[in-house]
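The values are calculated or read from the model by the stated rules, or taken from the named source; none is laboratory data. These numbers were taken from a predicted model, which means no experiment stands behind them. Neighbour counts are summed over all protein chains in view; Cβ atoms, including those assigned to glycine, are modelled from backbone coordinates with ideal geometry.
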Amino acid sequence: MLSLFSFSEMDLDTGQLNIPYADKITHFVFYLVFTFLGAFFVRERTKGNLELRKTTRYVLLGAIAYGILIEVLQYTITIDRMAELGDVFANMMGAFVGIGLIHWLFSKDRPLKWKF
C-alpha cells in the first residue's frame, strides 16, 4: 500500500544529504530482504519439507511478479507516482542477490541445514 501512496505533500526535511540513485538502492535492499526473509518464511511454514531450490524459485518469482505489479499499479492508478523500469531492474537484482544469499547459507560447505 505504501508503494502507491505519495509522500510529496509531506514536508520531509532531507537536509544536505544527497545520495545518487538512493531510490534504486532502496528498491534493491528492500527486495533483497524481502526474498531472504520470504525463503525463511516458506521454510518455517513447510517445516523444511519443500526443497530449497523449489522454495527459492517460488519466492523469487513471487518477488519479481510483485515488483512488476506495483510498478504497473503506480503507472495506472496513481496520479503523482511514476513507474520506472529502473525500479523493476533494481527489484529484480535485489531479489536475485537475496536468493543467492539463501543458497550460499544453505550450501553444502555451510553448517546451516534446510530440513529440520
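Restricting the stretch 64-80 to residues that are of a type in the set (S, T, Y) and either within 14 Å of the chain's Cα centre (by Cα) or surrounded by 14 or more Cβ atoms within 10 Å (Cβ to Cβ) (or both) leaves a set whose member that is nearest to A95 (Cα to Cα) is Y66. Could you grab me the full set of residues in the stretch 91-112 that are part of a loop (DSSP other than H, G, I, E, B) and either of a type in the set (S, T, Y) or touching a residue at least 60 places away in the same chain (Cβ under 8 Å) (or both)? Listed by number, the list holds a single entry, S107.
Does the stretch 73-90 hold any residues that are assigned to a loop (DSSP other than H, G, I, E, B) and either touching a residue at least 12 places away in the same chain (Cβ under 8 Å) or among the β-branched types (V, I, T) (or both), and which are they?
The initial filter retains those residues of the stretch 73-90 that are assigned to a loop (DSSP other than H, G, I, E, B), namely 78-84.
If the condition is that a residue be assigned to a loop (DSSP other than H, G, I, E, B) and either touching a residue at least 12 places away in the same chain (Cβ under 8 Å) or among the β-branched types (V, I, T) (or both), then T78, I79, D80, R81, A83, E84 are the ones that fit.
With respect to the conditions (1) surrounded by 15 or more Cβ atoms within 10 Å (Cβ to Cβ); (2) farther than 20 Å from T26 by Cα; (3) out of contact with any His (no Cβ under 9 Å at 6 or more places or on another chain), L52 falls short on a single one, namely (3).
For R57, are the conditions met, namely being among the basic types (K, R) and free of Cβ contacts under 8 Å to residues at least 12 places away in the same chain? Write out each step before concluding.
On the way: among the basic types (K, R): yes; free of Cβ contacts under 8 Å to residues at least 12 places away in the same chain: yes.
In short, yes.
So is L61 surrounded by fewer than 18 Cβ atoms within 10 Å (Cβ to Cβ), under 19 Å from F116 (Cα atoms) and at pLDDT 95 or above or not? The answer is no for L61.
Among the numbered criteria (1) part of a loop (DSSP other than H, G, I, E, B); (2) within 25 Å of T26 (Cβ to Cβ), which single criterion is violated by Y58? Answer for Y58: the failing condition is (1).
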